[in-house]
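K.L.:
Encoded as structure tokens, here's the structure I'll be asking about.
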Amino acid sequence: MSLPAIVVFDLDGTLAETAPDIMRTLNLILVREGLAALPLDRARELVGAGARALIERGFRVSGRPLDEATLERLFEDFLLIYAQDTASSSHLFDGVLEAMDALASEGYALAVCTNKPILHTRLILDHFGITGRFAAIAGRDSFPFHKPDPRHLTLTIEAAGADPGRAVMIGDSRTDIATAKAAGIPCICVPFGYTDVAIETLAPDLVIQHFDALPDAVRQLFGQQALGRVPMHS
């Protein structure tokens, strides 16, 4: 039996709007440390590279750079606080469920590859009741490598029992694009996620404005693969 083709999703800013809960947790720490809370609209420039980077960026824009020991302490605090409430103010993006249904009905395996710790990743997916849709779920700490290392993506595909030569990454950031390109896998991006520049300027293979367009975009890339126009390999 041949291995199935696969569609691999990032989580934050791709599958779901998670910034409200992430920023709430960051702000609890900022206020506790004597700094002002940051507005939600700062999320695009702060979120997307993991919790350590989030905390470091949050304190930097608040005018208080952190030493390594303090950053590590606050990172551990963040993980504990965030685990208590990862998704009460978050939501799946419109059309996500329908797009996943359409892809699954065509035989594509689905997976998640995110730089969020696996504990929080599973808590969020469980909250939305979609954990069972994925053949593999990989967080930042699932393997010795994490995005933008391409092995995070290729090992996720392997864990899903899918074909790395027939894979596509769905993301929202330069990290997702860099990971996919390094793995030789095409990347479809959404423009409403967490990026500090317009996603189109980062040259993903395709940009979709709504998840309604995802099934056709995936078919387009796989059609191009069949015609030899888009390399798909690990």
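The values are calculated or read from the model by the stated rules, or taken from the named source; none is laboratory data. Note that the structure is a prediction, hence the values are computed from the model and not measured. Neighbour counts are summed over all protein chains in view; Cβ atoms, including those assigned to glycine, are modelled from backbone coordinates with ideal geometry. Note: areas computed on protein heavy atoms with side chains; ligands, DNA, RNA excluded. Shrake-Rupley method; radii C 1.70, N 1.55, O 1.52, S 1.80 Å.
K.L.:
Express the accessible area of the chain per residue in Å², computed with a 1.4 Å probe while the remaining protein chains stay in the model.
P.N.:
Value for the chain: 43 Å² per residue.
K.L.:
Find how much the distance from ASP94 to ALA69 grows on full extension, using 0.36 nm per residue of separation minus their present alpha carbon separation; answer in nm with one decimal.
P.N.:
Extra length available between ASP94 and ALA69 comes to 5.0 nm.
K.L.:
When the Karplus curve 6.51 cos²θ - 1.76 cosθ + 1.60 is applied with θ = phi - 60°, which whole-Hz ³J(HN,Hα) does each residue of region 22-31 get, with x for Gly and Pro?
P.N.:
Ordered by residue, 3J(HN,Hα) equals 5, 5, 4, 5, 4, 5, 4, 6, 4, 5 Hz.
K.L.:
Measure off, as a whole percent, the carbon and sulfur share of the 1.4 Å-probe accessible area of the chain, all protein chains present.
P.N.:
Here carbon and sulfur together make up 54 percent of the probe-accessible area.
K.L.:
Still on this structure, please answer the following. Going by the alpha-carbon gyration tensor, a ≥ b ≥ c the square roots of its eigenvalues, is region 57-124 rounded (a/c under 1.5) or, if a/c is not under 1.5, prolate (a/b greater than b/c) versus oblate?
P.N.:
Here region 57-124 falls in the prolate category.
K.L.:
Can you check how the C-alpha radius of gyration of region 96-186 compares to 2.2 N^0.38 Å, as a plain ratio?
P.N.:
This ratio for region 96-186 stands at 1.02.
K.L.:
Between the alpha-carbon centers of region 67-138 and region 186-210, tell me the distance in whole angstrom.
P.N.:
Comparing the Cα centres of region 67-138 and region 186-210, I get a distance of 19 Å.
K.L.:
Something else: Quick check on region 19-84: what are the equivalent-ellipsoid semi-axes from the Cα gyration tensor, as sqrt(5λ), descending, whole Å?
P.N.:
Equivalent ellipsoid semi-axes, largest first: 15, 14, 12 Å.
K.L.:
Using the Karplus curve 6.51 cos²θ - 1.76 cosθ + 1.60 with θ = phi - 60°, work out ³J(HN,Hα) for each residue of region 5-17 in order, rounded to whole Hz, and write x for Gly and Pro.
P.N.:
For region 5-17, the Karplus-derived couplings read 5, 9, 10, 10, 9, 5, 9, 5, x, 10, 6, 9, 7 Hz, x marking Gly and Pro.
K.L.:
Still on this structure, please answer the following. Rounded to the nearest 500, what is the chain's calculated 222 nm mean residue ellipticity when only DSSP H runs of at least 4 contribute -39500 (n - 2.57) each, over all residues?
P.N.:
Calculated at 222 nm, the ellipticity per residue is -13000 deg cm²/dmol.
K.L.:
Further question on the same structure: Quick one: if you take sqrt(5λ) for each eigenvalue of the C-alpha gyration tensor of the chain, what semi-axes come out, biggest first, whole angstrom?
P.N.:
Semi-axes (√(5λ), whole Å): 31, 17, 16.
K.L.:
Among 8-16, 33-41, 54-62, how do they line up from the highest to the lowest mean number of other beta-carbon atoms within 10 Å?
P.N.:
The peptides rank, most packed first, as 8-16, 54-62, 33-41.
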